[in-house]
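Notes for the one structure printed next.
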Amino acid sequence: MPIEDSTRPVVREGWRRERYATAAAEQIRDAKECQFSFLPFDELAHMASFWYESASEAMLRGNYAGVDKWIRSQARLAAEQGFELPSLLQLLRICRQVAIEKEGWQSEQFGEVDAVINECLAALRKTEVTWEIPEGLDYISGKGRVPETKVAGERGERRVHNRSHLKMPIRVSGYHLGESLDEYTKTENVARGGLYFISSQNYVRGIRLLVTYPYSREPGAINVDYPGEVIRLDELPEGKKGVAVKFLVSLGKKAKK
């Protein structure tokens, strides 16, 4: 068999995974009640791509280890950033629905995967996650064997606002009046069009920066630089400043390489 013929299925699968990840990231970014929507498009696409691989492995080969690892990873991220359980459930539902709508997966095929996901969520009660996860929780309906108001983000629960207190690692770099600005820090809060962090460096209003958001040193991590502008500075104790940065590009679209 020619080499090009043997690699064709791999290329096709990679293309389908990328197409799925793009569609899923777009829907997550548009989900106003999901706190994961504050993450950049590329981060969400990377996350969705791993869900696609894990779910495919589970459905085709009965290997559910990837699904379990994926859920635990996103649960840790959500818990660390103060996301609520309904946001994780909505993330899972979006990933599932996009596979059905965009990739033609059959809802009936998800039976075993759905059961494993519910088991993984139940197992989170034994970890460091502090959510109140109800017994018998079904992630699709958001209901368990407790009053619904404790599970599914019904009316009266705290809603997602235009700003989230995300403590995400970032790298900020720039240049002003002969001085290089380069630091690794964390955000204090994040909005869809910008972020806010505290620094002791010499930022001034109006300068342009490159912000790697989020930033990771992990192998294979996606580090994307976004251009931004300092639009506000707050004087803080001990010579520090609160720096408000407005992104000059939309984080809701695929970044150009």
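The table for this structure:
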item: Ellipticity estimate at 222 nm from DSSP helix runs (n ≥ 4, -39,500 (n - 2.57)) divided over the chain, nearest 500; result: -13000 deg cm²/dmol
item: Exposure proxy order (Cβ contacts within 10 Å, fewest to most) of Phe50, Phe38; result: Phe50, Phe38
item: Likely footprinting exposure, His165, His46, fewest C-beta neighbours within 10 Å first; result: His165, His46
item: Residue-count net charge about Asp68 - beta-carbon cut-off 15 Å; Lys, Arg +1, Asp, Glu -1; result: +1
item: Computed Kirkwood radius, in angstrom, where 1/r is averaged over Cα pairs of the stretch 3-150; result: 15.9
item: Cut-off under 5 Å, modelled amide H: who pairs with Arg232 long-range; result: Ala244
item: Unit charges at the beta carbon, dipole of the chain: most positive-side option, Ala191, Val116, Cys34; result: Ala191
item: Dimensionless Rg/Rh of the stretch 28-84 - Kirkwood Rh, Rg from C-alpha atoms; result: 1.02
item: Where labels lie 7 Å past Cα in the beta-carbon direction, separation of Glu112 and Tyr184 in nm; result: 4.2
item: Stretch gain in nm, segment Asn223-Glu132, where the contour uses 0.36 nm per residue and the Cα spacing is subtracted; result: 29.5 nm
item: Counted charge near Ser200, where neighbours are those whose Cβ lies closer than 10 Å (Asp, Glu -1; Lys, Arg +1); result: 0
item: 5 angstrom amide H check on Lys143, placed H, neighbours 5+ away; result: Asp138
item: For the stretch 91-98, Karplus couplings with θ = phi - 60° (6.51, -1.76, 1.60), whole Hz, Gly/Pro x; result: 4, 4, 5, 5, 4, 5, 5, 5
item: Helix 65-80 vs. the chain, principal-axis angle (Cα, 0 to 90°, nearest 10); result: 30
item: Whole-percent pair-distance distribution, where bins are 5 Å wide, for the alpha carbons of the stretch 205-257; result: 4, 18, 21, 20, 17, 12, 6, 2
item: Residues with amide H under 5 Å from that of Trp105, placed H, sequence gap 5 or more; result: Ile100
item: Between the stretch 223-254 and the stretch 43-115, the Cα center-to-center distance that results, in Å; result: 31
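Read-outs: derived from the displayed coordinates by stated rules, not from any lab. Keep in mind it's a predicted model, so treat the numbers as computed, not measured. Because the Cβ atoms are built from the backbone with ideal geometry, glycine has one as well, and the counts that use them run over all protein chains shown.
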